[in-house]
Amino acid sequence: MNLLVLCPHFAPDVAPTGEVITSITTELAARGHQLHVVTSLPWYRHHRIEDGWGGKAVREQVTDWGRITRVHPFPTDKTNIPARALAFGGFTALTGIVAAASRPRPDAVLAMSPPLTLGLAGWVTARLRGAPFVFNIQDVFPDVAVELGMIKNPTIIGMASALERFTYLRSDAVTVLSDDLRDNVAAKLRSNRPDRVRVIPNFVDTEHIQPAPRENSYREEFGLAGKTVVMYAGNVGFSQSLDLVLDAATALAHDPDLVFVINGGGAARADLERKASGLRNVRFVDMQPKDRLPEVLAAADIHVVPLRRGLARSSVPSKMYSILAAGRPIVASVDTGTEVAAVVDRADAGIAVPPDDPEAFTKALARLVAEPDEVQRMGRAGRAFVERWASPAAIAEQYEALFDELRGGRARFLGGRKAI
């Protein structure tokens, strides 16, 4: 098949969604498919175009399996919602123009959200080319932005919700990461073919990420040797309740061997560093290169996944599976009954507590810090769980089967009409 993929990030960009779609693309190519990926110039790490990639609004790269077209993402401050909306619009317009002119004609179109607007570009392209359209949802928008309070204007919320439903209704299939996200999206379709919503989870590369000794060069570099390390590794943004980490660090400051590490960058980091200025047991570490991820994960004794109230119903952090693959337990502060809480419970690989509850979060951490044998047992259980989880190859096979299914249905629907 000739497949057209529209996504906000792609390697060498280091965004988690970029790593997901890069792995899926690699596996689809290994299965003999040709692909055209339309994405952004790399910009995620510093929220600006990476050195060596500037100077052009569009860059083309030929690969063994097809080609990659990178367009300018117009990066802006995440807190400036109007500017960010304009940036998404500009990126989507450029992506749509490139995608509509893609040659050869695609047999299927896959677009990833967020940004939600990328679904429009995918749908228009698919309609013009007579190809089935699959809309992949990583975070349900505008639900996430509304829960965070980033969008409060009822008119804007209504417009975003209308665009969301418009795109879902015009997709041949909508893929989501978990059962609770499927229920969320299917409810918005009401009775209009909710069966089009399919669960195809993200995955973890258990060959790349494996349990490893905790004492490593990362610990040496950042003065963590011999310490008990509680770590948050990921985007330091508004979706995470990282104030909980500071609350726990304050409550457990009497333990001289316990250190809290926040590894990563993002829009909320500067404010968080200001709040932590008096805490000697908190360390901030910049985002590390992708190839150092296994070492970063291994350096922690316990990892935390703190999501603000309501967000776990609209988002599943891919970092959760990487932590389990590294053989480390999780303390998750998330909504009850969501995928994150369910996985931690099913895997018996940590403790899930209610969101935004400093006391419960701190008690869970204190319990694990006091029980190193339990920490190791949970780590082994988490690793065993993800070894049974879907591999990149298995996920690519599910997408391939979905494309084949939709192509067959569209061929019957078109009745032989020729697309451009």
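Taking the condition over 30 Å from GLU207 (Cβ atoms), hydrophobic (A, V, I, L, M, F, W, C) and surrounded by 18 or more Cβ atoms within 10 Å (Cβ to Cβ), does LEU252 pass? No: the conditions fail for LEU252.
Scan LEU311, LEU293, LEU246, LEU242 and give me the residue that is touching a Leu at 6+ places or on another chain (Cβ under 8 Å), surrounded by fewer than 22 Cβ atoms within 10 Å (Cβ to Cβ) and not acidic (Asp, Glu).
LEU246 is the lone residue from the list that is touching a Leu at 6+ places or on another chain (Cβ under 8 Å), surrounded by fewer than 22 Cβ atoms within 10 Å (Cβ to Cβ) and not acidic (Asp, Glu).
Quick check: is even one residue across the stretch 105-127 more than 22 Å from ILE24 (Cβ to Cβ), at pLDDT 95 or above and in a helix (DSSP H, G or I)? Yes, the conditions are met somewhere in the stretch 105-127.
In the set (1) crowded, with 23+ Cβ neighbours inside 10 Å; (2) modelled with pLDDT under 95; (3) in contact with a Pro (Cβ under 8 Å, 6 or more places away or on another chain), the condition left unmet by LEU181 is number (3). The set of residues in the stretch 67-89 being among the basic types (Lys, Arg) and modelled with pLDDT under 95 consists of LYS78, ARG84. All of ASP255, ASP286 fail the test of being among the acidic types (Asp, Glu) and under 18 Å from GLY234 (Cβ atoms), apart from ASP286. Taken as a whole, the condition of being assigned to a helix (DSSP H, G or I) and touching a helix residue (DSSP H, G or I) at 6+ places or on another chain (Cβ under 8 Å) applies to VAL340. Looking across the stretch 129-155, the residues that are open to solvent by 10 Å² or more (accessible area, probe 1.4 Å) and of a type in the set (D, E, K, R) come down to ASP139, ASP143, GLU147, LYS152. For the stretch 343-364, residues that are closer than 18 Å to ALA381 by Cα and either surrounded by fewer than 17 Cβ atoms within 10 Å (Cβ to Cβ) or not small (Gly, Ala, Ser) (or both) total 6.
Here is a yes/no grid of residues against (1) within 27 Å of SER161 (Cα to Cα); (2) touching a Leu at 6+ places or on another chain (Cβ under 8 Å); (3) in contact (Cβ under 8 Å) with a residue 40 or more places away in the chain:
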| site | (1), (2), (3) |
| --- | --- |
| HIS9 | yes, no, no |
| GLY18 | yes, no, no |
| ALA29 | no, yes, no |
| VAL38 | yes, yes, yes |
| ASP51 | no, no, no |
| VAL58 | no, yes, yes |
| ASP77 | yes, no, yes |
| LEU86 | yes, no, no |
| MET112 | yes, yes, yes |
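Within the stretch 365-413, the residues that satisfy the criterion of being of a type in the set (Phe, Trp, Tyr), crowded, with 17+ Cβ neighbours inside 10 Å and assigned to a helix (DSSP H, G or I) are PHE385, TYR399, PHE403.
Considering the stretch 1-76, the qualifying strands (runs of 3 or more DSSP E), each wholly inside and each with 2 or more residues that are open to solvent by 50 Å² or more (accessible area, probe 1.4 Å), out of contact with any helix residue (DSSP H, G or I) (no Cβ under 6 Å at 6 or more places or on another chain) and of a type in the set (A, V, I, L, M, F, W, C), run over 58-63.
Is it true that ALA100 is more than 20 Å from the chain's Cα centre (by Cα) and crowded, with 23+ Cβ neighbours inside 10 Å?
Numbers: more than 20 Å from the chain's Cα centre (by Cα): yes; crowded, with 23+ Cβ neighbours inside 10 Å: no.
Here the answer is no, as ALA100 does not meet what is asked.
Would it be correct to say that THR92 is modelled with pLDDT of 90 or more, open to solvent by 10 Å² or more (accessible area, probe 1.4 Å) and assigned to a helix (DSSP H, G or I)? Yes, satisfied.
Could you check, for the stretch 153-166, whether at least one of its residues is closer than 22 Å to VAL199 by Cα and among the basic types (Lys, Arg)? Yes, the stretch 153-166 has at least one match.
For (1) farther than 19 Å from ALA99 by Cβ; (2) surrounded by fewer than 20 Cβ atoms within 10 Å (Cβ to Cβ); (3) within 19 Å of the chain's Cα centre (by Cα), each residue gets a yes or a no:
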residue: THR117; (1), (2), (3): no, no, yes
residue: LEU120; (1), (2), (3): no, no, no
residue: ARG127; (1), (2), (3): no, yes, no
residue: ILE157; (1), (2), (3): yes, yes, no
residue: SER161; (1), (2), (3): yes, yes, no
residue: LEU169; (1), (2), (3): yes, yes, no
residue: LEU177; (1), (2), (3): yes, no, yes
residue: LYS188; (1), (2), (3): yes, yes, no
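Beta carbons closer than 7 Å, at least 6 apart along the sequence or on distinct chains, pair a first residue in the stretch 209-222 that is within 16 Å of PRO289 (Cα to Cα) with a second that is open to solvent by 60 Å² or more (accessible area, probe 1.4 Å) and aliphatic (A, V, I, L, M) for ARG219/ALA225.
The values are calculated or read from the model by the stated rules, or taken from the named source; none is laboratory data. Because the structure is a prediction, the values reported are computed rather than measured. Every residue, glycine as well, gets a Cβ built from its backbone with ideal geometry; the counts of neighbours run over all protein chains shown. Remember, those area values only see protein heavy atoms, side chains included, never the ligands or the DNA or RNA. Shrake-Rupley method; radii C 1.70, N 1.55, O 1.52, S 1.80 Å.
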